[in-house]
Amino acid sequence: MPHLTEQLLWACLIVLSLVSPTWADGIVRGQVVSVSGGDVLELVDAHGLEHRLRLAFIDAPEPGQPFGDEAQSALAAMVLGRPVTARLLGQSDDGFAQAEVIEPNGHLVNLELVKRGLAWHDYFESEPKLERDKYQAAVAAAQQARQGIWALERLELPRDYRARAEQALRWRHFLVAALSGVALLGLIFSIYDKRISAWLARQDERMKASAAAGRLAHIRSEANAAERDRTRAIADQEMNRLAALRRASEQKGSKPT
């Protein structure tokens, strides 16, 4: 009976889309060419236009979360490569059009994923009570049967998982930037260390050259002093010799003949 009700509802929507421009703007029919995660799909309409849709009223586990792969596989099995009808319900925060999608067998894809425990009911502020009750009943049935995510001991909402992943990504970018900064500082220090080492080596060579020049000057000074002492000694010897000759000559001249 619920299945028949869904079919009648969608039949009415399709008829209205044919006769009313307002409803025609809210209905898209086409073939699904790709799915992403458990709640995003892309379809191409009869005019070749691509429509990227997020399934309204639900939030499926992200890839990497428990049952994330199962949700994507279930969505692909229901709609990928098949013609579907989508009722557009505005835009999501990420800019995708939100829609309820019905597959060829008449199942409402959004609701079917909730029934299988492969998606949470995600409230709209303006969600009609009839829609809310329908999805809440599906959640209650899945919880009671411990279907999919409801069999887990610990649950993490996809929005919390995404926030945690984004925080981890921000930290990763921060660490990469910090490490890059450290590496850059290391490179700068390395360059300056080489320059400082070269400068110190030049200073050391200059000090060694200066010390060598000082030693050479000292040796030359000592040599000059020694040469002066030797010259003075020779001069003293010559003066003593001449004085001795003069005394001898004087003594010889003073003797009686």
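Before moving on, here are some points about what is shown:
- Counting only lysines at least 8 places from Lys194 when in the same chain, those with an alpha carbon closer than 30 Å to its own are Lys208.
- Take the Cα radius of gyration of segment 157-257 and divide it by 2.2 N^0.38 Å, N being the number of residues; the result is 3.38.
- Percent of alpha-carbon pairs separated by more than 29 Å within the chain: 58 percent
- Between Arg159 and Phe174, the modelled labels are 2.4 nm apart [label points 7 Å from Cα along Cα→Cβ].
- For Thr85, residues with placed amide H under 5 Å, excluding near neighbours: Ile102
- When Rg and Dmax are taken over the Cα atoms of segment 142-181, they come to 16.7, 54 Å.
- When only Cα pairs below 8 angstrom with a gap of at least 6 residues are kept, the chain shows a relative contact order of 13 percent.
- Shown here for segment 156-257: trypsin sites (Lys or Arg not before Pro) in loop regions (DSSP other than H, G, I, E, B) with at most 15 other Cβ atoms within 10 Å, of which there are none.
- Placed amide H near Ile58: partners under 5 Å, 5+ positions off or other chain: Asp122
- Only helical runs count toward this figure. For the chain, summing -39,500 (n - 2.57) over DSSP H runs of n ≥ 4 and dividing by all residues gives -21500 deg cm²/dmol at 222 nm.
- Phi-derived couplings, Karplus 6.51 cos²θ - 1.76 cosθ + 1.60 at θ = phi - 60°, listed residue by residue for segment 65-70: 8, x, 6, x, 5, 5 Hz, with x used for Gly and Pro.
- Nearby aspartates and glutamates by direct alpha-carbon distance to Lys134 (threshold 12 angstrom, same-chain neighbours under 8 apart not counted): Glu6, Glu112
- Sites count as exposed loop sites when they are GluC sites (Glu not before Pro), lie in a DSSP loop, and have at most 16 other Cβ atoms within 10 angstrom; the longest stretch of the chain without one is 1-124.
Each value in this text was obtained by applying a stated rule to the coordinates, not by laboratory testing. It should be emphasised that the depicted structure is a prediction, and the values quoted were computed from it without experimental measurement. A quick note on method: Cβ atoms are made from the backbone with ideal geometry, for glycine too, and the neighbour counts reach across all protein chains shown.
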